[in-house]
Amino acid sequence: MRSVNEITEEILGGQGFAVLPGLMDPADADAARASAIAEASAAGFAGNSARNDKIKHGTARALLHQGELFERLVQHRRIIQIAEALLGDDMTLSSYSCRIMWPGATEMGVHVDYPYWAMPEPFAIRPALMLQVIWMLQDFTETNGATLVAPRSQLLARRPDPKRFKREAIKLTGAAGTAIVAHGLLWHDTSPNLTDEPRVSLLINYGNKVIRPLDSRIGVVPPEVLARATPKLRQLLGLEFGQALGRDLKRQRLY
Ligand SMILES: O=C(O)CCC(=O)C(=O)O
């Protein structure tokens with residue numbers, strides 16, 4: 001097994017991503033997938049844009065309102081170790097959702113992740129501001145919409161060039177329970193889902209604590225979730241921000 005340091009160096013100065021198989025129990029992957037499909041089916045495409053109607057992508061959000069499974073998955077020990085090595089041990093959760101690519105879904109479009117798409121260039125590779133985790137909730141295959149990435153594109157530290165992406169992108173296939181961990185600057189996309197089954201990913205973005213979360217309601221969770229939240233979940237929800245700033249000030253002997 002690769003060390004956390006090797007993985008973070010791969011993300012920062014190497015390929016820009018790492019594929020980590022076998023990290024999630026297949027039963028958890030199944031249950032998370034079923035929950036996302038049920039939620040998105042109940043909502044239809046409501047809440048999604050017309051564009052999503054056209055490209056047949058759906059999103060399940062508010063996962064921390066959907067039971068303990070999602071509380072557990074967002075705190076996966078190995079992923080947290082990688083996220084903290086990259087973003088600091090006070091990093092927070094920026095967004096948490098499932099992407100459902102219904103049969104016939106097309107590419108979503110090559111992009112870098114938040115906050116980079118919301119910022120002016122030039123971008124800095126170090127320190128990384130965001131780690132994206134793409135969990136495969138069922139096998140990602142050649143034909144069902146697996147994620148495409150352009151290796152080493154984070155090193156360019158700029159917005160994607162679609163033509164170059166087309167030339168350089170590779171498809172990341174793998175078994176259910178595999179995690180892709182990637183620099184937020186890595187150029188990536190989805191591929192078309194040519195099968196008759198939905199392809200579901202669990203998407204987690206962990207960010208440097210000073211970056212405002214993409215999901216402005218990320219810290220709004222049901223009272224029972226708050227009551228049973230571990231210290232790690234409280235940190236992820238941004239509830240320990242004041243203490244983290246206090247530690248920063250102390251380190252710099254500012255008080
Ligand atoms: O689900 C995937 O394969 C990637 C989705 C993605 O990149 C996104 O939603 O930003």
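What follows is calculated from the coordinates using simple rules that are stated; it is not laboratory data. Small disclaimer: the values here were computed from a predicted structure and weren't measured. So basically every Cβ, Gly included, is an ideal-geometry build from the backbone, and we count neighbours across all protein chains shown.
Observations on the structure shown:
- Exactly one residue out of T141, T106, T92 is over 15 Å from the mean Cα position of the chain (by Cα), of a type in the set (S, T, Y) and farther than 21 Å from V19 by Cα, and it is T106.
- Taken together, F140, F165 contain a single residue that is within 16 Å of the ligand (Cβ to nearest atom) and in contact with a helix residue (DSSP H, G or I) (Cβ under 9 Å, 6 or more places away or on another chain), which is F165.
- Segment 1-13 - residue that is under 23 Å from L148 (Cα atoms) and out of contact with any helix residue (DSSP H, G or I) (no Cβ under 9 Å at 6 or more places or on another chain) and, of those, surrounded by the fewest Cβ atoms within 10 Å (Cβ to Cβ): E6
- Scanning segment 178-201 for residues that are more than 9 Å from the ligand (Cβ to nearest atom) and farther than 23 Å from E168 by Cα returns T195, D196, E197, P198.
- Test: residue in segment 115-123 that is part of a helix (DSSP H, G or I), over 22 Å from P26 (Cα atoms) and among the aromatic types (F, W, Y): yes
- Count of residues meeting criterion [surrounded by fewer than 20 Cβ atoms within 10 Å (Cβ to Cβ) and within 30 Å of D196 (Cβ to Cβ)] in segment 111-147: 6
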